[in-house]
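Peer 1: Structure provided below as structure tokens; questions to follow.
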């Protein structure tokens with residue numbers, strides 16, 4: 001067991017020596033252009049790299065906040081594929097009622113499940129209903 005511990009310690013030491021200290025020693029002997037690991041603080045146009053990342057993240061954050069503000073005003077209704085696309089009198093009546101609700105209330109969105117577990121993905125009556133909503 002003691003011998004195994006010595007081997008682990010020796011390999012750990014060699015690993016640190018080889019991969020942690022040796023590249024730094026080598027880098028001092030080469031000109032700046034030949035170094036593989038160079039520290040880059042500034043972009044070619046002089047901008048600081050870290051500030052550029054912060055700038056991009058800030059812009060992304062602002063875009064997400066704008067999207068959240070817009071989406072907080074959505075008041076919608078969900079329709080199954082049958083209600084949205086069936087030619088039955090019941091479905092036609094429901095679609096008519098929904099169009100009235102959209103006109104008369106603060107509803108401003110409709111989500112239509114265009115494909116149930118079985119069935120067609122997009123019927124003509126569903127296409128007509130979507131065209132009427134626009």
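Derivation of every value follows stated rules applied to the coordinates shown; laboratory data play no part. Predicted model, so just to flag it, every value in this text is computed and none were measured. With ideal geometry, Cβ positions are generated from the backbone for all residues, glycine too; neighbour counts draw on all protein chains shown.
Peer 1: In what order do 12, 125, 72 fall by count of nearby beta-carbon atoms within 10 Å, going from fewest to most?
Peer 2: By the 10 Å Cβ count, ascending, the order reads 72, 12, 125.
Peer 1: Going by how many other beta carbons lie within 10 Å of each one, how would you line up 92, 54, fewest first?
Peer 2: So the residues, fewest neighbours to most, are 54, 92.
Peer 1: To continue, here is another question. Could you check the spin-label model distance between residue 130 and residue 9? Points 7 Å from the Cα along Cα→Cβ, value in nm.
Peer 2: 7.2
Peer 1: By how many nm would the segment from residue 54 to residue 102 lengthen if fully extended, with 0.36 nm per residue of separation less the alpha-carbon distance?
Peer 2: Stretched out fully, the residue 54 to residue 102 stretch lengthens by 13.1 nm.
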